[in-house]
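First the structure, in the form of structure tokens, and then the observations on it.
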Amino acid sequence: MTTSRHTIINITLISLFCCLTLFTLSVRAEAVDAKAIVAEHNKLRAEAGVTEALRYSPSLARSAQTWANHLQKSHHCQMQHSSQEIPYGENLYWSSAKIWSDGRKELRTVPAAEVITSWGSEKADYDHARNECSAGAMCGHYTQIIWRKTTQVGCAMATCSDSNEQVWVCHYLPAGNISGEKPY
């Protein structure tokens, strides 16, 4: 009887450990390269003539991670902006998995520079003189990056383990893209 009780307790403890480990892995903070994020943002700002450099904010990174984790769990890594009530600017990026010819999906390594450069490519669709995007184009990610009054950025990402898709979130403070104002 004692051996059975110990076996049941051991199995229960092992099961609990496995469940906690899986839960922790599914909501863990994904590593992002903070130095690359700041460097890419500041490169785009300098190209636009914005000399005020951004600095990385761990607090904004935690906020971004909270939202990335929410998108992972509640929206299966599909992009959706957070509440309008947050005091941050926000950029989102989604990446698919590598899909092999046999249908296998593999996690794709997405460098932070790729994410920021993607948003920076919207520069081609931004007309500074008129302070607007080209017709039918998007440029708000770019203008948030180069927003002169923004001083801090924090970014995070989450991976949906079943699909190997990723969602990236960057938060900015103070927020940019204020209606009627130019970014610089």
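Put simply, of Y172, Y184, Y93, Y142 the only residue that is touching a residue at least 60 places away in the same chain (Cβ under 8 Å), of a type outside the set (A, V, I, L, M) and open to solvent by 50 Å² or more (accessible area, probe 1.4 Å) is Y184. Taking first residues from the stretch 63-84 that are within 11 Å of C170 (Cα to Cα) and open to solvent by 20 Å² or more (accessible area, probe 1.4 Å) and partners that are of a type in the set (F, W, Y) and part of a loop (DSSP other than H, G, I, E, B), the Cβ contacts under 8 Å between residues at least 6 apart in sequence or on separate chains come to S63/Y88.
If you go through the stretch 89-107 one residue at a time, do you hit one that is part of a helix (DSSP H, G or I) and among the β-branched types (V, I, T)? No, the conditions are met nowhere in the stretch 89-107.
A Cβ distance below 7 Å, combined with a sequence gap of six or more or placement on separate chains, defines the contacts here; from the stretch 117-138, residues that are farther than 22 Å from G180 by Cβ and of a type in the set (S, T, Y) reach residues that are assigned to a strand (DSSP E or B) and open to solvent by less than 80 Å² (accessible area, probe 1.4 Å) in the pairs S118/Y93. Apart from one condition, N177 fits all of (1) in contact (Cβ under 8 Å) with a residue 24 or more places away in the chain; (2) open to solvent by less than 50 Å² (accessible area, probe 1.4 Å); (3) under 21 Å from T51 (Cβ atoms); the exception is (2). Just a yes or no: is a residue in the stretch 114-128 among the aliphatic types (A, V, I, L, M), assigned to a helix (DSSP H, G or I) and touching a strand residue (DSSP E or B) at 6+ places or on another chain (Cβ under 7 Å)? Yes, the stretch 114-128 has at least one match.
The values are calculated or read from the model by the stated rules, or taken from the named source; none is laboratory data. None of the values given here were measured: they were computed from a predicted structure. Positions of Cβ are generated from backbone atoms using ideal geometry, with glycine treated the same way; all protein chains shown enter the neighbour counts. Remember, those area values only see protein heavy atoms, side chains included, never the ligands or the DNA or RNA. Shrake-Rupley method; radii C 1.70, N 1.55, O 1.52, S 1.80 Å.
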